[in-house]
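Notes follow the structure.
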Amino acid sequence: GESIQVRDLAEKMGKTPAEIVKKLMELGTMATINQEIDFDTVEIVASLFGVDVEREISEEEKILEEIIDTEETLQPRSPIVTVMGHVDHGKTSLLDRIRQADVASGEAGGITQHIGAYQVTVNGNRITFIDTPGHAAFTAMRARGANLTDLVILVVAADDGVMPQTVEAINHIKAADVPFVVALNKMDKNDVNPDKVMQQLTEYNIVPEEWGGDTMFIPVSAKTGLGIEDLLERVLLIAEIHDLRANPHRLAEGVVIEGELDKGRGAVATVLVQKGTLRTGDYLICGTNWCKVRTMTDYRGRRVEEAYPSMPVEITGWSDVPEAGEKVQACDEKIAKEITNLRLNEKKLEEQKKNSRISLDDFFKQM
Ligand code: GTP
Ligand code: MG
């Protein structure tokens, strides 16, 4: 495969060669300045610097991405969509309608497996939906730098209008700078006032296209199915404009959507693959956890051997339960285990530091 000299990597990352050599040593690789290291290792080294040096990763990451993801390697991927809005405005109903099946009754019948994310196919185009329970997960993901949503559907009930959590959602959308459409829901009801909702939203600089603004408003009803096709077509249109692509020919990277401890299967996590191809048997690092991918299950509950960009899969084989929003990276076994150990040690050291500080405070308090 491709490789780069330690000297050149250091220059690209704005580090001294000694710093790179030291990191490599921590990973169990003895390297000289002239040594060629492969790109898998480069990625790990960068992520180590990124993790330790606050958010300094962006520039490095950009440079590395340019090296790894050349124009020829990038392939179209499906858009990743999150539905947000005020309580009871119909987020779940809308997703259920889109899915053409009721999650609740499906689960009762033991048919649908709920994995926190799923895909639908519209006119031959696939869309990935994230079923985030409330805004907390979205915030956690953003706080961890995982901006995985390509597009948000902001649901506003046309009989209720802008409410506190609508405003919260708007703030999230703006902070993340992510494209969005407004779905005016519950249009089947007879006490709706869509004009009033549009008026209310202009106060937040959200102006409909028909009023000279740049936001799409789509009247829908999760109950009757009105406007759903239109909504999906608009979603695909926006996706097309953004030319969403990813490189499937590399070690996988992704984000944890949710994790839990399952009685029978141990730690389980739904991971959304963002780059590369994930395969059973791959090793992953994720925060202070590692994983040897034992099984992968798609949103329909079918076993799969490979997962591609924009595909959500439920994974078993974790050392512990990973948290929502944590980054997942495939690497070789040795690196996975060593990085996990390094991170665990670092965590321990930090906790010790914190504890010793507390006890010192206590000591002074007693004086
Ligand atoms: P939370 O998850 O609690 O924030 O709510 P939600 O936004 O997911 O709303 P949900 O889909 O649970 O819908 C709330 C209520 O509104 C339910 O009783 C739905 O049946 C009803 N509802 C949702 N969409 C529509 C619609 O298009 N028309 C009508 N008439 N009722 C709707
Ligand atoms: Mg809901």
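The values are calculated or read from the model by the stated rules, or taken from the named source; none is laboratory data. These numbers come from a predicted model, not from an experiment. Methodologically, a virtual Cβ is constructed for each residue, glycine included, from the backbone with ideal geometry; neighbour enumeration extends over all protein chains shown.
Only one of these is more than 10 Å from ligand 1 (Cβ to nearest atom), in contact with a helix residue (DSSP H, G or I) (Cβ under 9 Å, 6 or more places away or on another chain), at pLDDT 50 or above and of a type in the set (A, V, I, L, M): Val120, Val83, Val87. Name it.
Val120
Would you confirm, using the coordinates I've provided, whether Ser3 is out of contact with any Pro (no Cβ under 6 Å at 6 or more places or on another chain) and at pLDDT below 75?
The answer is no for Ser3.
Please count how many residues of segment 285-315 are among the charged types (D, E, K, R) and under 30 Å from Glu350 (Cβ atoms).
Final tally of qualifying residues: 1.
Looking at Lys189, Lys174, which is the one that is basic (Lys, Arg) and part of a loop (DSSP other than H, G, I, E, B)?
From the options Lys189, Lys174, the qualifying one is Lys189.
Taking the conditions exactly as written (away from ligand 2 (no atom under 16 Å from the Cβ), modelled with pLDDT of 95 or more and either buried (at least 18 other Cβ atoms within 10 Å of the Cβ) or within 30 Å of Asn123 (Cβ to Cβ) (or both)), does Cys286 satisfy them or not?
It is false that Cys286 is away from ligand 2 (no atom under 16 Å from the Cβ), modelled with pLDDT of 95 or more and either buried (at least 18 other Cβ atoms within 10 Å of the Cβ) or within 30 Å of Asn123 (Cβ to Cβ) (or both).
Thr297: out of contact with any His (no Cβ under 6 Å at 6 or more places or on another chain), over 25 Å from Leu342 (Cα atoms) and of a type in the set (Ser, Thr, Tyr), yes or no?
Criteria met by Thr297.
Give the number of residues within segment 311-326 that are in a strand (DSSP E or B) and more than 15 Å from Tyr283 (Cβ to Cβ).
3
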